[in-house]
Number of protein chains: 2
Amino acid sequence: MSLPSPALDRRTSGEESEPSPEETVRRLASGARQAARLLARMESKARDRALLAMAAALRRHAAAILQANRDDVERARAAGLRAALVDRLLLDEVRLERVARGIEQVAALEDPLARAVRSWRRPNGLEITEIRVPLGVIGVIYESRPDVTADAAALCIKSANAVVLRGGSEALETSLAIGRVLAEAAQGEGVPEGAIAVVPTADRRAAVALMHARGWIDLLIPRGGPELIRTVVEQASVPVIETGAGNCHIYLDASAPYEMAERIVLNAKIQRPTVCNAVETLLVHRDVAARGDLARLGARLRELGVEIRGCPATREVIPEAVPATETDWATEYLDLILAVRVVESLDEALEHIARYSTGHSEAIVTQDLAAARRFVREVDSAAVYVNASTRFTDGSEFGFGAEIGISTQKLHARGPMGLEALTTTRFVVFGDGQVRE
Amino acid sequence: MSLPSPALDRRTSGEESEPSPEETVRRLASGARQAARLLARMESKARDRALLAMAAALRRHAAAILQANRDDVERARAAGLRAALVDRLLLDEVRLERVARGIEQVAALEDPLARAVRSWRRPNGLEITEIRVPLGVIGVIYESRPDVTADAAALCIKSANAVVLRGGSEALETSLAIGRVLAEAAQGEGVPEGAIAVVPTADRRAAVALMHARGWIDLLIPRGGPELIRTVVEQASVPVIETGAGNCHIYLDASAPYEMAERIVLNAKIQRPTVCNAVETLLVHRDVAARGDLARLGARLRELGVEIRGCPATREVIPEAVPATETDWATEYLDLILAVRVVESLDEALEHIARYSTGHSEAIVTQDLAAARRFVREVDSAAVYVNASTRFTDGSEFGFGAEIGISTQKLHARGPMGLEALTTTRFVVFGDGQVRE
């Protein structure tokens, strides 16, 4: 924490001119920092009451929110936004109800601050307890899904953090409407003013200001496509958690049983190809190719509409496969495309993964205990599977209740992030006059 | 982890020209990354054997190391380095023996990778275990204390991390000599080549290259003065842990007993004023000033050579105090100087701390349970004390055995960092063919 600089706290009071995007962000971030101190003192019961009020307010103000959304959607269509993106942006009563229920589910989760991490007594009588506390102010930069506004606000209030939200320009009116409704309802239950802030401008300079608000923002989470995440990670000077880049691999070991291999590969590629835990490259032991299993699996994948890009050995048994290039091994397709490579050995598979993986999720299909043990020991990814689909890398599948994102970095949080990722700890030490010798 | 770029892996083989500092760092970092994969597979017993061999080698090669150190010291004196800095740089047999024993103590600590964090079973039968694993490659940028070379290398080998060390230019020959001896001894016990690397150039560009080695360096730790730490935190694009900035406060509550208050304040200010957990500002409830305790404490502090910089109310009872300015409240003196401010209430003390603290260590002296509870709840610093000296914020005082530094940031590690701060986790999931519905 650096010292708040008075220059950053300049208000525009008294001036008639519009504040700059930078000033707007600083005002919101400074307000959020003030709010965070008060919020940290709220008991969890009061925070849960605020969450329930937020959910109820979304329902009560559904008409106004949906009207704001219709305006956003109209603008987006007029601007020629792709239909898939317009759909992501679109809210209706069913989706809004799902958002409200999501907030109620967050309220029902265990308070992430309730339990101390550890507590011990030193030989000199000092009693040390490591307690869990909120991070302070969370910044979230996301794209055009307006439901993120509500999800992120709920997770932050649950963990007693203030939040500054900066959504995509297409969803600006919807996000502002949701933000206003949530903030007002939360304040009605004692959440301090400024604890839920939506940046009210689509100006790119506002996002840049948020990335550089050192001393105001304790953690910045980018949620969205690879482009957005890369920009934030590279440019931000505030702490960031990198999420979601998933070039995931499945390795079919020599001993992989065909039925299980097929079930897992089809699930990981086809069930939802656009998400980060979908498989992108299949590595196949040469014995699997030699006994015809790869040809059979390839035919099944093609039947289901999957384009295969293969190494030369793959193309010998799946002649329809497109030749794979170096780029294919490094690409997260997020589409019905699968890169396939035949390897000589587990070692070669491990080498390939070490070289091309983004460290998200990898799986082995095997009956061989030694191969399974080596795979889980040597693959350095957030989640490593034996005989299960990579699609399980997900907060709710892991049983965490809520998910803020899936961290593909190693510091602070790794893999699916539950509420704990929005907390830090402090050491509280009780003595009776101890001094250091 | 981003994909290793072939451009970064360019070797200078075949060329006769000297490699650039950037090329040197990239070669070392790339070698360290290779080594890290092998090192992660070494059992802890083998790593401990390597540590003992490293300690023995330091003793065996003491003459060569001390000769390199004499060269460094001579150069530093010739260049007119201040005596205090020359002393920090100086090694002798006693100091070298202490370094060797330090490595043996690290070997005797529990393996930070030994215990799984948690393990559970999902309703669908998936068995999930969160295991602790090394971060990979640690970079350390430090100043002229050559013992850091050995300390950091030992902590990294203990936690199965490779390390790239970049010490101060004044200690370059000593660090290189220590690094060579340690790396050779470690390799003799199976530690892979490249796992302990010392950057062999004092060129500033080498430090900059280390700060930007994304995908090669998993964590960069700056150790040294505030200037060094600020530079690294602001410039690095690799993950950094900020350490050591300590503008620490003690608050004497209305109920503070005089003897205890004096003992704690003297210890926190005088026992070792140059370290980050020494107190810099004393906040005093007006009742303490009114009953003469502040005047008495001020006289005692001045007797012991402490310069006092006080607010107007302080100067009423300690007339010799220098008037304190806004800058004093924000300054980490690291010297026999103490800023003193009389406050109206606990609230005013909490406000002052929230505004000026660097989030390191703060203490309250009190007999009032409610005041103690509010203080530990509302002060958001890494360590918060009731009736004990701030000087206890230290890895060995906390019982952690070893300390890599004291984190003043909130992500990943906070407060004294033990070996665990050099680790991350992974989720290992065993199934028998599960796929996502």
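The values are calculated or read from the model by the stated rules, or taken from the named source; none is laboratory data. Computed from a prediction, not measured in an experiment: that's the story for all the values here. Don't worry about glycine lacking a Cβ; one is built from the backbone with ideal geometry, like all the others, and counts go over all protein chains shown. Please note that ligands, DNA and RNA were not included when accessible areas were found on the heavy atoms of the full protein model with its side chains. Shrake-Rupley method; radii C 1.70, N 1.55, O 1.52, S 1.80 Å.
Values computed for the structure shown
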| quantity | calculated |
| --- | --- |
| Per the axis that maps chain A onto chain B, nearest residue of A (Cβ criterion) and its distance in Å | A:His412, 2 |
| Nm distances between copies for A:Arg230, ranked from closest, using label points 7 Å along Cα→Cβ | 3.4 |
| Antiparallel DSSP beta bridges within the protein assembly as shown, as percent of all bridges there, nearest 5 | 25 |
| In the B-A interface, the accessible area buried, summed over both sides, Å² (probe 1.4 Å) | 6900 |
| Solvent-accessible area lost in complex, 50 Å² minimum, residues of the range B:414-437 relative to chain alone, 1.4 Å | B:Arg414, B:Arg426, B:Phe427, B:Val429, B:Phe430, B:Gly433, B:Val435, B:Arg436 |
| Lys, Arg +1 and Asp, Glu -1 on Cβ, resulting dipole of the range A:240-341 about Cα centre, debye, nearest 20 | 240 |
| Shortest-first nm distances, A:Val208 label point to equivalent points in other copies (7 Å, Cα→Cβ) | 2.2 |
| Probe 1.4 Å - accessible area at B:Arg95, Å² to nearest ten | 70 |
| Rg over Rh [alpha-carbon atoms, Kirkwood Rh] for the range B:102-161 | 1.19 |
| Gaussian network model of chain A, springs between alpha carbon atoms under 10 Å - residue of A:Val279, A:Val365, A:Val306 with greatest fluctuation | A:Val306 |
| Sites B:Glu93 and B:Glu184 - FRET efficiency at Förster radius 25 Å, r taken between beta-carbons, to 0.05 | 0.75 |
| Electrostatic dipole magnitude of chain A [Cβ: Lys, Arg +1; Asp, Glu -1; Cα centre; debye, to 20] | 920 |
| Gaussian network model of chain B, springs between alpha carbon atoms under 10 Å - residue of B:Ala363, B:Ala330, B:Ala53 with greatest fluctuation | B:Ala330 |
| Other protein chain Cβ atoms within 10 Å, averaged over every residue that makes up B:354-367 | 2 |
| Charge dipole magnitude, Cβ of K and R +1, D and E -1 - the protein assembly as shown, Cα centre, debye nearest 20 | 780 |
| Gap separating the Cα centres of the range A:94-161 and the range B:174-239, nearest whole Å | 36 |
| Protein-only accessible surface order, largest first, of A:Cys276, B:Cys156 at 1.4 Å | A:Cys276, B:Cys156 |
| Accessible-area order (highest first, 1.4 angstrom probe) of the listed residues B:Thr281, A:Thr325 | A:Thr325, B:Thr281 |
| List B:Asp92, A:Asp293, ordered by accessible area with a 1.4 Å probe, largest first | B:Asp92, A:Asp293 |
| Whole-percent carbon and sulfur share, accessible surface of the range B:248-392, 1.4 Å | 49 |
| Accessible-area value, A:Arg223, 1.4 Å probe, nucleic acids and ligands omitted, Å² | 50 |
| For B:Pro257, net neighbour charge (Lys/Arg +1, Asp/Glu -1) across residues whose Cβ lies under 14 Å away | -4 |
| GNM flexibility winner over chain B from B:Val240, B:Val199, B:Val117 (Cα, springs under 10 Å) | B:Val117 |
| Inter-copy separations for B:Glu110, label at 7 Å along Cα-Cβ, nm, ascending | 2.1 |
| From the C-alpha gyration tensor of chain A, square roots of 5λ in Å | 43, 29, 19 |
| Dipole axis of chain B (+1 Lys, Arg; -1 Asp, Glu on Cβ), positive-most option in B:Leu89, B:Pro323, B:Ile196 | B:Ile196 |
| Sum of side-chain charges, B:Leu210 neighbourhood, beta-carbon under 15 Å (Lys, Arg +1; Asp, Glu -1) | +2 |
| Whether the protein assembly as shown is rounded, prolate or oblate, judged on the alpha carbon gyration tensor where a/c under 1.5 counts as rounded | oblate |
| Proximal charge balance of B:Leu304 [Cβ under 15 Å; K/R count +1, D/E count -1] | +1 |
| FRET efficiency for A:Glu43 and A:Glu127, using Cβ-Cβ distance with R0 set to 25 Å, rounded to 0.05 | 0.60 |
| Selected from A:His212, A:Ala53, A:Val117, residue furthest toward positive end of dipole (the range A:21-235; charges at beta carbon) | A:Val117 |
| Of all accessible heavy-atom area on the range B:53-123, the percent that carbon and sulfur account for (1.4 Å) | 51 |
| Viscosity 0.890 mPa s, 25 °C: Kirkwood-radius Stokes-Einstein D of the range A:315-391 over Cα pairs, µm²/s | 179 |
